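No lab work stands behind these numbers, since they all come straight from the coordinates. Quick caveat, the model's predicted, so the values are computed rather than measured. Note that each Cβ is placed from the backbone with ideal geometry, even for glycine, and that neighbours are counted across all protein chains shown.
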Amino acid sequence: MSRALKYDLCTVALLGLLLAASLAWAGSLTVEVARINDGDTITVHLRGKPELVRLIGVDAPETAHSKSLARKAKNAGRSATEEAKAGAASREAMRKLVAVGDKVRLVDGRPQTRKRDRYRRLLAFVYLSDGRLLNQEMIAQGWAHAYRSFNYRHKSDFLKAENGARLARRGLWAKGQAYDLERRTRVSPFRLNSRP
């Protein structure tokens with residue numbers, strides 16, 4: 001066999017494996033949680049390997065381990081220390097909902113979202129063993145915000161959950177001032193009720 005033919009056969013085989021893996025992921029997949037990274041990312045065991053999973057539609061504060069901590073803190077009008085504390089609180093809230101070793105069901109967000117984000121994390125809706133949607137629970141408990149900048153399944157439910165958390169002053173909304181994702185600024189608690 002010529003070198004070019006071997007190369008072509010390897011390429012076709014690799015594309016076939018990638019297609020099979022993609023088709024296997026389409027829909028849902030039950031996996032075991034390996035780590036709680038922060039309030040919007042977990043690591044799971046997928047096909048024997050650790051895989052980062054980003055919760056679709058959820059934006060939680062950054063932790064001290066994040067490269068973008070200083071940038072996000074500045075955009076939020078907080079110090080890096082305040083951002084890290086909020087991120088740690090969000091991660092702890094996630095740990096109360098799901099623990100290492102728990103089984104969760106990942107549901108693909110396509111066609112509204114891509115399979116992976118720019119950091120190569122798998123994008124998914126994560127369902128707990130009791131059927132609750134982890135993405136929505138983090139928002140409803142006030143430990144994360146609902147993304148507004150793109151469309152995705154459950155978006156209206158996530159926005160309602162965030163509004164409920166704001167009004168009830170749960171989680172991150174419990175203090176005198178809260179973070180406004182849309183404007184990336186602090187919001188007076190008196191203005192929370194006037195925002196959609």
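Counting only DSSP beta bridges with both residues in region 28-183, what percent are antiparallel, rounded to the nearest 5?
90 percent
Taking 0.36 nm per residue of separation and subtracting the Cα-Cα distance, what length does fully extending Ala168 through Arg116 add?
Working it through step by step, the gained length comes to 15.4 nm.
Could you derive backbone 3J(HN,Hα) for region 54-62 from the dihedral phi with the Karplus parameters 6.51, -1.76 and 1.60 (θ = phi - 60°), listing whole Hz in sequence and x where the residue is Gly or Pro?
After applying 6.51 cos²θ - 1.76 cosθ + 1.60, I find 9, 6, 5, x, 10, 10, 9, x, 6 Hz.
Express in nm, to one decimal, how much length is gained between Val107 and Lys160 on full extension, taking 0.36 nm for each residue of separation and deducting their alpha carbon distance. Display every interim value, and only then the final one.
On the way: separation 53, 0.36 × 53 = 19.08 nm, distance 2.10 nm.
This chain segment gains 17.0 nm when fully extended.
Less than 26 Å apart at the alpha-carbon level, and either on another chain or at least 8 residues along: which lysines does that give for Lys115?
Lys49, Lys67, Lys72, Lys103, Lys155, Lys160
So between Asp130 and Ser68, what do we pick up on full extension, going 0.36 nm a residue minus the alpha carbon distance?
Going from the current span to full extension adds 19.0 nm.
Pairs of Cα atoms under 8 Å, at least six residues apart: use those to get the relative contact order of region 28-183, whole percent.
This gives 24 percent for region 28-183.
Highest mean first, how do 120-128, 38-46 rank when packing is the count of other Cβ atoms within 10 Å averaged over residues?
38-46, 120-128
If packing is taken as the average number of other Cβ atoms within 10 Å across a peptide's residues, how do 138-144, 73-79, 109-115 rank, most packed first?
Packing order, densest peptide first, comes out as 138-144, 73-79, 109-115.
Treating the Cα atoms of region 28-183 as identical point scatterers in vacuum, please give the log10 of the normalised Debye intensity I(q)/I(0) at q = 0.12 Å⁻¹, two decimals.
Result of the Debye calculation: -0.47.
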